[in-house]
Amino acid sequence: MRKFFPVLATLFVISLPAAGQDRTDDNAGGGLPAANPTRPSAADNAFLTAPGYLEVETGLLLSDGFYSIPTLVKASLVHNFEFGFLMSGLINHTSKGVTSTEIGDPGIQAKYQFMNEGNTAVAGVARLDFADGGTRFTATAVPTLTPFFGQFDGTFGFTTWSGTTSLVYAVAFAPVMPSPVSVYGEFYGESASNYSPFYFDAGVLFSVSRDFVVDAAFFIGLSDDAADWQIQVGLTKVLAKVL
């Protein structure tokens, strides 16, 4: 992994002087409300899709011998509660010289915002992924802090699948800048008895409009269990009012 450390340092330094993105649900002025992107970072945030609106997050994840199109469709249909349908999308991977393409596993998630006061918001997320080897259950606490200089997002919890439980964690920071461009840096990973991938990633988001955000990120594996690298590009778009 040493060959990636200069890239890691460069990305982290680039992320420091730039800005965090305003992630409010303010719909003043009419039209569609502001998007709430939770991609491409591993860390979620404690905010919700604008009440009554449908929003989609999708993109391309590319790694060595692998790509997929992860997608999340979400809506806040009742007060402080967001429901989402997710799937890995189309998956292409190469193993031992054999390349195959298949449809990824579907899943559902529920997100409840416990508080959003001042510069602190807290949510909880429960997620089920219906994988071939059994159902994977993940539960996380999601705090977000928004001091004057940026936004901190954390995700801390556990995943259980096929009789194995692991801890999952992510911490991301996006500094403030009065611009449609925002950047972030993040560390995240998973810890189990025989599997402990650990990553750093840095990304950029650009608000085409308040309801449409495009993004790109580069991920670097920092442990033996992590993939050497990943690239993600994608978008978040508020689609329509459903309630």
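Every number in this text was worked out from the coordinates using simple rules, so none of it is lab data. Predicted model, so just to flag it, every value in this text is computed and none were measured. Here Cβ is always computed from backbone atoms with ideal geometry, including for glycine, and neighbour counts include all displayed protein chains.
Straightening the chain between SER100 and SER179 buys 24.2 nm, computed as 0.36 nm per residue apart minus the Cα-Cα spacing. Measuring nothing but how far apart in sequence close Cα pairs (under 8 Å, 6+ apart) lie, relative to its length, the range 86-207 scores a relative contact order of 13 percent. Scaled against the 2.2 N^0.38 Å expected of a compact globular protein of N residues, the Cα radius of gyration of the range 52-207 reads 1.14.
Remark: the range 180-197, residue by residue, has Karplus-estimated 3J(HN,Hα) of x, 9, 9, 10, 8, x, 8, 10, 8, x, 9, 9, 10, 4, 10, 7, 9, x Hz, where x stands for each Gly or Pro and the curve is 6.51 cos²θ - 1.76 cosθ + 1.60 at θ = phi - 60°.
Taking other C-beta atoms within 10 Å as the exposure proxy, PHE173, PHE152 rank PHE152, PHE173 from fewest upward. Ranked by the mean number of other Cβ atoms within 10 Å of their residues, highest first, the peptides 226-236, 161-171 fall in the order 226-236, 161-171.
Aspartates and glutamates within cross-link reach of LYS237: Cα-Cα under 12 Å, excluding same-chain residues under 8 positions apart? Once the sequence-local aspartates and glutamates are set aside, what remains near LYS237 is GLU55, GLU57, ASP211, ASP215.
Each Cα pair of the range 127-183 feeds into the Kirkwood radius, which the Stokes-Einstein equation turns, at 4 °C and 1.567 mPa s, into a diffusion coefficient of 96 µm²/s.
Using 0.36 nm per residue and subtracting the Cα-Cα separation, the extra length available between ALA110 and ILE69 on full extension is 12.7 nm.
Can you pull a Stokes-Einstein diffusion coefficient for the range 188-243 at 20 °C (1.002 mPa s), Rh from Kirkwood over Cα pairs, as a whole number of µm²/s? In µm²/s, the coefficient is 160. Here the simple spin-label model places points 7 Å from the Cα toward Cβ, and for LYS241 and GLU117 these points are separated by 3.0 nm.
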